[in-house]
1. Please list D:336-342, A:264-270 highest first by mean number of surrounding beta-carbon atoms within 10 Å per residue.
2. Only protein chains counted, 1.4 angstrom probe. Which residues of the stretch A:252-266 are at least 10 Å² less accessible in the assembly than when their chain is isolated?
3. Work out the mean other chain Cβ neighbour count within 10 Å for the residues of D:98-109 and drop it here as an integer.
4. How far is the Cα center of the stretch A:251-305 from the Cα center of the stretch A:149-190, in Å?
5. For all pairs of alpha-carbon atoms in the stretch A:230-369, what percent lies in each bin of width 5 Å, listed from the first bin to the last filled one?
6. Does the stretch D:224-540 come out rounded, prolate or oblate, given a ≥ b ≥ c as the square roots of the eigenvalues of its C-alpha gyration tensor, rounded meaning a/c under 1.5 and, failing that, prolate meaning a/b above b/c?
7. Each label point is 7 Å from the Cα along the Cα-to-Cβ direction; what then is the distance between the points at D:K463 and A:T20, in nm?
8. If you take the accessible area of A alone, add that of D alone, and subtract the area of the pair, what total do you get in Å², probe 1.4 Å, to the nearest 100?
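The values are calculated or read from the model by the stated rules, or taken from the named source; none is laboratory data. These numbers come from a predicted model, not from an experiment. Glycine also receives a Cβ, built like all others from the backbone with ideal geometry; neighbour counts cover every protein chain displayed. SASA here: full protein model, heavy atoms, side chains in, ligands and nucleic acids out. Shrake-Rupley method; radii C 1.70, N 1.55, O 1.52, S 1.80 Å.
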Amino acid sequence: MLLEFSQPLEYTGLANWFDTTLGSWSLPVKLILVAVALLAAYAIIAMILIYVERKITAFFQARIGPNRVGKYGILQSVADVIKILLKEIIHINNVDKFLFFAAPFFMVVASMLTFGAIPFGKALQAVDFNIGVLYVTAVSSLGIIGVLLAGWSSNNKYSMIGAMRSGAQFVSYELSAGFALMTIVVLTGTMSFSEMIAKQEFCWNIFNGHISSIIAFVIYLISGHAETNRGPFDLPEAESELTAGYHTEYSGLQFGFFYLAEYLNMFIIASIATTVFLGGWMPIQIHGFDGFNQVMWYIPSYAWFFGKTGVLIFLSLWVRWSFPRLRIDQLLNLEWKYLLPINLVNILVMVILVIAGLTLTDLFPILAS
Amino acid sequence: MNSILKYFNGLFTGIKSLLIGMSVTWKELWTKKVTQQYPENRATLVISDRFRCELTIPHDENNEHACTACGICQMNCPNGTINVLSAMIETEDGKKKKILDTYTWDLGMCTFCNLCVITCPSDAIKFNNQYENAVFTRSKMIQKLNHKGSKLREKKKEQPLKFPEGGLKDQVL
Amino acid sequence: MSSLSLFLVVLITGLVLVIAGLGIAILLAPTSFNLQKGEPYECGIPTHGTSWMQFKVGYYLYAILYLMFDVEAIFLFPWATIVRDLGVQGLYSIVFFIVILGLGLAYAWKKGVLKWM
Amino acid sequence: MENIKKLILNVVPGAVIENKKIFTVTVEPNKLHLLAKTLRDYAAIPFDFLVKLIGMDSGGKLGVIYMLSSSTDVSKEIVLKTWTEDRENPLLYSVTDLFETAHFNEREIYALLGIRFINNPDMRRFFLNADWVGFPLRKDYDANPELNPLSLDSKEIVDIAPRIMETENGLVEETVNIFEADDYIINIGPQHPSTHGVMHFRTALDGEIVKKIDVHSGYIHRGIEKLSENLTYPQILHFTDRLDYLSANINRHGLCMCVEKAAEIEVPERAQYIRTIMDELNRIDSHLLAWSAMTNDLGATTAFIYGMREREIILQMFDKICGGRLIINHNVIGGVMFDIYYDFQKDVKALIPYMREKLVEYDRFFSHNVIALGRMIGIGMMSKEDAISYAVTGPAGRASGWSCDLRKHQPYSLYDKVEFKEIIRNEGDAYARYLNRLDEIEESLHIIEQLIDNIPEGEICTKTKAIIKLPEGEYFQRIEATKGEFGVYIESRGEKTPYRLKFRSPSMALVSAMPLICKGEKISDFIGIGGSMDYVIPDIDR
């Protein structure tokens, strides 16, 4: 399946210009442009997220948050990036050098690969496989290898325990996340993100499959949250127990990559949830109100995407800063005794809904796009 | 059956408790923030009168203080923070008299227990609330408290002290 | 221009990000030597023995359980995309499949695998 | 008391009984264990609570003073004493098998006075390294820094404990390994985010599960007891604020009361009121911090900041009343240093409803949270017997069902005039300890409420002599600090400085129980239990 990534270029007429002036070089140039755009988006989103999280956290905690660098501390993340670049990368004795060095690569590459599959807006998607859902699940689980390698190679007992926890945690929640997505695959009958969005024009998946979809949505948020190792599921780091868990021994930018990937993963989970459950970049459309629909289309699709994702990110921050950390057995209980059985039943419920024609689009065909 | 009931009961009470917790943080999101914006708030910052920051020997407009160099404060200090050096001079009528030469106080060693102040028989020293005491070298923490060329106040002025209240003067030697 | 080439582009972008970042950091960051710096952090106390040793089997059990369900997921995804077309027959066959797996989970639960040791 | 006297003479005929203010019995070293056991098992009033264990160097002889009390009525007290002439190799018998709390205390006495205890299972020095030269609390200690130079190298910790055991063939010196050869040992502390200071636990793990904990302490040992021997009583006062800095005012109150009792100084009523109110404010402050720190240990950072926010209000009040926030410096011998400021009463009265409102919020936010419940209920179980044996007092002891509040049992200051409940729970788990603190905040508010409007006019401090000299004798004072029972022991030889001064720190008992209650729990619970015990390290490392 071919990709429409060049659409923004076509809008501006650049694509034509490329084709005519560069000839056979046009494709590599376009690919490089994609790479540059991705890189920029990756870095900027991470920086914005770090700032937003610090600010929102502060508000939850009756504090002000960063307010020294720039007005309202807006440049705080920039200052952080500069600082972390200037920090020494400390070499630890007796680490497994190769694995220690390789771990951040896994973290960043895994999140970058997933990041590439996110549809940010109409035709703003780098990798659109027809098995998008499977691809995302597969690629994002690469990150865990980074965590395990970091914990193992550090030759540090805190890191080791952190890595072990993280392994058990990740594999468990990977299941729930996968099953929750599968519920929607049952509903939509496609695994490609772009097709999923197209089908949600008038009725988001979360409404379409009503009970079943909402359960799947909640489960996906919980397990996605757990996969990103963020509180209350931050056991691999567990600041008050393991000091810094699997990245205890990392310093400077090597640590920075773990940090970066963590924030990006939060974004990725929120954006996949947006795409799969909340209609992705699709504006709010009401069947029959053509004028309204037209107006909604004036708001750019990426604004819709980031708006919806932002709400979910806020939700994840809200949860993170409200709850204490789970213990390893609580965490695994939650998954194996609650989420997974509920999930299995939920898939069956969804299948029944679909076969019996009880989804909203089946009941009201007018909603189908 | 009972265990199944318990299972679902646990699930729903759990979710309820979590939602209540989230409602608390939601409320806090909109409350007034408590962070103090130091140093911007320097002008409005209220440091309580009794806050002990720096030991001082108050000097009046004639550059006179009340310290008789008796050394009781030095004796009372639990960890040798105060050092009173006295000198002998001869007054006009030929009597020998002990006067204060240098009064040094080491901020770095002081535990701010206030014993020196409450035991001073002539109310010559007191703590002020000048709270910005950071210096770059340790040697700067040793301060000379009596001003240059200052001398003992002849007759005691009636000056009500802001603090300390209470008659504790004679408690300790 | 296939998805695969774009996938490769994304992959390379990720690698470039790390390599370039580390390169810049190594160029910019100061280095200094200190004997204590290289010691693993364990609250300021030298580590007792090595950290690389056999570890608790408890974590491993979950990995095995995971395998069971992950293989299931691979089977279920293709089924899930066409379940609408399969109709009731698809439901029956998969109920059978899921129930067996559910029994597997119930067995593990009953056996106390899910209780942390 | 007559019955006890009979009992004692029956068991140990040679015992010297003095009927001073506190019933004092002096026995030969080899009889002490028997006597202690008899008293512990005495059915009418079991003396099963070892309050203090004080090592003494009386110039010539070295000895140990045991202060026993009864768990059924903690106001009953008996003092046992035993002495040895041998200064080269002093040996006494351990009572660790009777009172678990004696274990750490005996190790402390070994470190500071060099007395070794026969049958103590682990006779390493507490606080000090094994290679320390000299015993600091002995009167002939050479404090020359060249003997114990400062070392900058990190020392490998040797987990081998010497001990002396009594066998059929006489005394045998032997060594035991603390850990097994293939244990996965991890150091939690001294530089750890949640050991509440520089505490060091060597922890043997089995996966996530704690197999054994070995407590190392002394990273901030300052030798306050030794320092005090050269200072006058008013000068010593400032140390008490630095023991358990969270109950600074209460500790200082305890020492002041001890000196006042000894020197027979009457404290004006106004000062009593101020002291009691300040103590209770201090208790709220401490429990708030304990609550915050515990939630933080369980990973709820937001709750931590809420607790600190409320605590700040109390600290500002302290700041205004006496110029100190943490180190309060308020009590002096004979009264208090500063009178209350003009709108103190208004501030306190504003605090009470505000604090109550916040307690409800804490309840909603954390006390019923399902994750928090799972991490506290049934975790770190301590039975009442263990609490008594380990001498765990305070909210933690009362969470195990032991009524040990000295404010009730041995009222001092104004506690007999106010009405309040002693909070007791019987579960003995981390959650009970957690709830106990929140409930005690409520009780403290109730006490303050009763006092704040009735502060009488008058002096705030009695005039004392220029030099306070205590008459010759021994003086004990017990007081309910925020973490448990704080005790002061002063032996005076009629001079302006104490001959021996000993503080009983509640935190030491709390920490000594940690290896027991954490065994078999998970590593994250170990941190949570630490938070629920709420120990303060400077209090242990006096």
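1. Highest-to-lowest ranking by the protection proxy: A:264-270, D:336-342.
2. The answer is A:L253, A:Q254, A:F257.
3. On the way: counts 0, 0, 0, 0, 0, 0, 0, 0, 0, 0, 0, 0.
The mean count of partner-chain Cβ atoms within 10 Å per residue comes to 0.
4. Their Cα centres are 23 Å away from one another.
5. Whole-percent P(r) values from 0 Å outward: 2, 8, 10, 13, 15, 15, 12, 10, 7, 5, 3, 1.
6. Taking the square roots of the gyration eigenvalues as a ≥ b ≥ c, the stretch D:224-540 is oblate.
7. About 10.7 nm, to one decimal.
8. Summed over both sides, the interface buries about 2500 Å².
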